[in-house]
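Note sheet for the following structure.
The values are calculated or read from the model by the stated rules, or taken from the named source; none is laboratory data. Here the structure is a predicted model, which is why all the values come from computation and not from measurement. Cβ placement follows ideal geometry from the backbone for every residue including glycine, while neighbour counts extend to all protein chains displayed. The area values use the complete protein model at the heavy-atom level, side chains included, leaving out ligands, DNA and RNA. Shrake-Rupley method; radii C 1.70, N 1.55, O 1.52, S 1.80 Å.
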Amino acid sequence: MIAAPPTATNTVGKNNERTREQWLERVLRSLPAGLRILDAGAGELKYKPFCSHLDYVSQDFAQYDGGGDGTGLQMGSWDCSGLDIVSDITAIPRPDASFDAVLCVEVLEHVPDPVAALRELTRLLRPGGHLIVTAPFCSITHMSPFFFSTGFSRHFYEHWLDRLGIDVEEVFYNGNYFEYLAQELRRLGGVAERFAGCRLDGQDASAVRAVLDLLGRLSAADQGRDRPGPGSAELLAFGLHVRGRKR
C-alpha cells in the first residue's frame, strides 16, 4: 500500500511553473559570465533576472495584449514595453552567429511554424553556442489566437535539432502523467462554472480532494522519480526542457 500524504500538504499538480523556473535558473546561472544571450519570445522579460551576469537581449513580436480573442486561458494583462527587438521570431534582424546563447521559454506553441523558429534561433547562434528551450509536452488553449500547437515530444527535439546542427545535451521532463492530471483536476471548478454553468458542491469538492490525494500517492511512487528514464512522463508531462550546443 502507498502511504497518503496529508491533504493539506498535497501539492500534486501545482509544480509546473516552479519546476520550470528552478530548471531555468540552474541552467542560466551556470552559463559563463559575459556571454551574449538572446531571449526569444521574451514577452514581459520574466527570466531576465536569471541573466544578470550575461549580456541580455530580448525579442518578441509584441502583438499579444493579455486579452487575445477572449477564448481559452488569457493572461489578463501583458506588457512588452521593455523589449530590445520587436520582430517575427522567424526573421530576427541580427547577423548570423550574433549570440553565445539563445533562450526560448514556452514560445514554440505560439508560433505557426516552430521548425522555422528553431532554424532562425540556430542561425543566430555561434558555433559552440547554447540553445535553451522549454515548451509544453501537452497544454490547453492559452493566449489565443496565438496558439498553434498543443505540445512537443522528445522525438520532435531529437529529430529537428539534429537536422539543424544542435547536439542535445539534456532533455528534462517537467512533471509526469499523475501531476498533469492533477493540474487539470484543480481547474475543474472554474472550467465547470465557465463552460457547463455548474458549481461544484461539497460532495463534488470532497471527490476532487480524494482523487488529488490518490494522484499525489501515485506521483510519489512514479518509477521516473528514482529509476533511469522518465517513468510516466513519457506518456504525459507538463513540458520538456531542452539544452543543446551548436556544432
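Residues in the chain average 49 Å² of solvent-accessible surface per residue, probe 1.4 Å, ligands and nucleic acids excluded. Surface composition of the chain: carbon and sulfur atoms hold 53% of the protein heavy-atom accessible area at a 1.4 Å probe. Simple point charges give the picture: +1 on the Cβ of Lys and Arg, -1 on the Cβ of Asp and Glu, and for the chain a dipole about the Cα centre of about 560 debye. Residues considered: SER144, SER52, SER206. Largest GNM mean-square fluctuation over the chain, using C-alpha springs under 10 Å, is found at SER206. Dividing the alpha-carbon radius of gyration of the stretch 26-121 by the rule-of-thumb value 2.2 N^0.38 Å gives 1.10. For the chain, the relative contact order comes to 24 percent (Cα pairs under 8 Å, sequence separation of at least 6). Where in the chain are the DSSP H helices whose alpha-carbon span along the long axis reaches 30 Å or more and whose Kyte-Doolittle mean is at least 1.6? For the chain, where a helix must reach 30 Å along its axis and average at least 1.6, there are no hits.
What's the whole-number percent of alpha carbon pairs in the chain lying beyond 26 angstrom? Here the long-distance tail beyond 26 Å is 44 percent of all Cα pairs in the chain. Each of ILE140, ALA101, GLN59 was placed along the dipole of the stretch 1-149 (beta-carbon charges, centred on the mean Cα), and the one lying farthest toward the positive end is ALA101. Toward the positive end of the charge dipole of the chain, with +1 on the Cβ of Lys and Arg and -1 on the Cβ of Asp and Glu, the farthest Cα among ASN15, ILE37, GLY128 is that of GLY128.
Calculated mean residue ellipticity at 222 nm for the chain: -8500 deg cm²/dmol, from DSSP H runs with n ≥ 4 weighted as -39500 (n - 2.57), summed, divided by the residue count and rounded to 500. Please check which bits of the stretch 120-152 a label hung off THR71 would reach, taking the label as a point 7 Å along Cα-to-C-beta and the cut-off as backbone N under 11 Å. Within reach of a label on THR71, which here means backbone N under 11 Å from a point 7 Å along Cα→Cβ, the stretch 120-152 contributes 141-142, 144-147. Relative to the current alpha-carbon distance between ALA210 and PHE148, full extension at 0.36 nm per residue lengthens the span by 18.9 nm.
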